Every structure is written in C-alpha cells, then in structure tokens.
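Structure first, commentary second.
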C-alpha cells in the first residue's frame, strides 16, 4: 500500500512539474509615435472573449508581460491609454513553451 501511495505521489509531482512546460507567455512594449508609453493599460482576453484574463500597466519603458498562459490558445491583447483615447490590438496564438513578443503601437481612436 505504501508503494502504491508513493508511486501516486510521484505521478502527481510529475504532472504538476510538466504543467509549467505547457504554458506560454506574451510580452512586449507599448509605444505612441515610436516612444515608450508609461501608464498604458494592457488587457488579455481569450480570442473574441469578454472576460479579462490578466491586466498589466506599463512602466516607464512601456513594457508588459503576461505569463502562465494556456498553450495552443489564441488571445486578444489590447492596450489602452489616456482614458481610452488611444488603443492598440493584436490577436496572437501561443504555442507550448513559447514566449511571444507582441509590441503594440497605439493609435488615436475617433
């Protein structure tokens, strides 16, 4: 019985450890007129989804990052700035273990 429980425990550890290799990440910079934007809000959704999965606010370098993403999924990445006066959108698919760079260039909304 102890061997069975130990084997089951090892199996669970292996399953949890391998989960990290199945995730991916999206990272990049938000710019406006080729300059880094501090304080832009970047939101991550499943493709055509309405529920926000993660939210980041850019630092002085305009950088954002979403990690621990489910692999082989398509996501919508949307940046907002200045009370939503400026926006940028990209749709991206993340593969297993992939770190995908997605730079977002803001444009003025009408």
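Would you check if residue 71 is within 17 Å of residue 109 (Cα to Cα) and in contact with a strand residue (DSSP E or B) (Cβ under 8 Å, 6 or more places away or on another chain)? Judged against the criteria, residue 71 is not a match.
Let's see how each residue does on (1) surrounded by fewer than 14 Cβ atoms within 10 Å (Cβ to Cβ); (2) part of a loop (DSSP other than H, G, I, E, B); (3) modelled with pLDDT under 95; (4) more than 10 Å from the chain's Cα centre (by Cα):
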residue: 14; (1), (2), (3), (4): yes, no, yes, yes
residue: 26; (1), (2), (3), (4): no, no, no, no
residue: 44; (1), (2), (3), (4): no, no, no, no
residue: 48; (1), (2), (3), (4): yes, yes, yes, yes
residue: 53; (1), (2), (3), (4): no, no, no, no
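A Cβ distance below 8 Å, combined with a sequence gap of six or more or placement on separate chains, defines the contacts here; from the range 87-110, residues that are on the phi > 0 side of the Ramachandran plot reach residues that are in a loop (DSSP other than H, G, I, E, B) and surrounded by 14 or more Cβ atoms within 10 Å (Cβ to Cβ) in the pairs 97/71.
The values are calculated or read from the model by the stated rules, or taken from the named source; none is laboratory data. Everything numeric in this text was worked out from a predicted model, so none of it was measured. Ideal geometry is used to build each Cβ from the backbone, glycine not excepted, and the neighbour counts take in all protein chains shown.
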